[in-house]
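Student: This is the structure I have questions about; it appears just below.
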Amino acid sequence: MKQTGKTETTTQDLIHHHDAKALLLDANNAHGGRKLDTIKTLRYTATIMGVKAVSYVDIQDNKIRIELWENEKVISTEQEENGIGWQWLNGKKADMPPARIAEMKSTFYSGLLGLRKPAINQMQVLHMQKLKNNTYSVQCKLDGNDYIFAINNQNQLVAEANKTFGRTSVSALSDLRPVQGIMIPFHEVVTSGIKKLVIQYDSFEINPVFNADTWAVPAGM
């Protein structure tokens, strides 16, 4: 039976899809493999444009919290849980805008967390593209959002991008350091529209135990 062009294209796409997924799995391995896959919770501290930030991530419960600190006090908090979010600033709590909720939710599938096998298996791996310097980008989709991973010839994640709510954010990643067997980039430059953020990570804790206080609304000023 004569193959139609459509079938040939589909076969070609399948080969491409297989290569793209294989590259993501190679990167998973390079960044810690099973140790990366078994991250349940994560706490990190960072300096963002001179401001101290502390973040809590609970993958199983779909929760993420980002606090900004000044003079040993929390000055603002953003928290997202299963698609619902709130912001706290100057002692006042308000609902989080949908675009920011989408952006925070994307954390679970962006960058290093997106290279966990459970995340790779959930996403639709679309295609792979060769960039310069022997780097490839792999495009994935989940829940209408786009996730892109740029992986170098040592299978290391050097950049990532995501598009949520029509907004694209691109991160250049560098300064890889091992933390409990996981290779984590400690330097990130995020470009979103005309905004550019430089993030220097100071510390990462893998699988810390959180309690109800971790997720509480901060006390008044």
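Student: Take region 166-221 and flag every residue that is within 28 Å of N145 (Cα to Cα), part of a strand (DSSP E or B) and among the small types (G, A, S).
Tutor: Residues satisfying the conditions are S169, S171, A172, S174, S192.
Student: Counting only residues that are in contact (Cβ under 8 Å) with a residue 40 or more places away in the chain and either under 12 Å from the mean Cα position of the chain (by Cα) or not in a loop (DSSP other than H, G, I, E, B) (or both), how many does region 141-165 have?
Tutor: Adding up the residues that qualify gives 8.
Student: Okay, next question. From the residues in region 183-216 that are small (G, A, S) and touching a strand residue (DSSP E or B) at 6+ places or on another chain (Cβ under 8 Å), which one is surrounded by the fewest Cβ atoms within 10 Å (Cβ to Cβ)?
Tutor: G193
Student: Where in region 14-125 are there strands (runs of 3 or more DSSP E), lying fully within it, with 2 or more residues that are within 24 Å of K163 (Cα to Cα), out of contact with any Leu (no Cβ under 6 Å at 6 or more places or on another chain) and basic (K, R)?
Tutor: Result: 63-70.
Student: Tally time: how many residues in region 55-72 are surrounded by fewer than 17 Cβ atoms within 10 Å (Cβ to Cβ) and of a type in the set (D, E, K, R)?
Tutor: Of the residues in that region, 3 qualify.
Student: Please find, within region 30-54, the residue that is modelled with the highest pLDDT out of those that are surrounded by fewer than 18 Cβ atoms within 10 Å (Cβ to Cβ) and at positive phi.
Tutor: For region 30-54, the residue satisfying everything is G33.
Student: Look at region 114-135 and say how many of its residues are surrounded by fewer than 18 Cβ atoms within 10 Å (Cβ to Cβ), under 19 Å from S171 (Cβ atoms) and not polar (S, T, N, Q).
Tutor: Number of matching residues: 2.
Student: Where residues in region 63-84 are polar (S, T, N, Q) and modelled with pLDDT under 95, which of them is farthest from A99 (Cα to Cα)?
Tutor: Ranking the candidates gives N71 first.
The values are calculated or read from the model by the stated rules, or taken from the named source; none is laboratory data. Computed from a predicted structure; not experimentally measured. Positions of Cβ are backbone-derived with ideal geometry, glycine not excepted, and every protein chain shown enters the neighbour counts.
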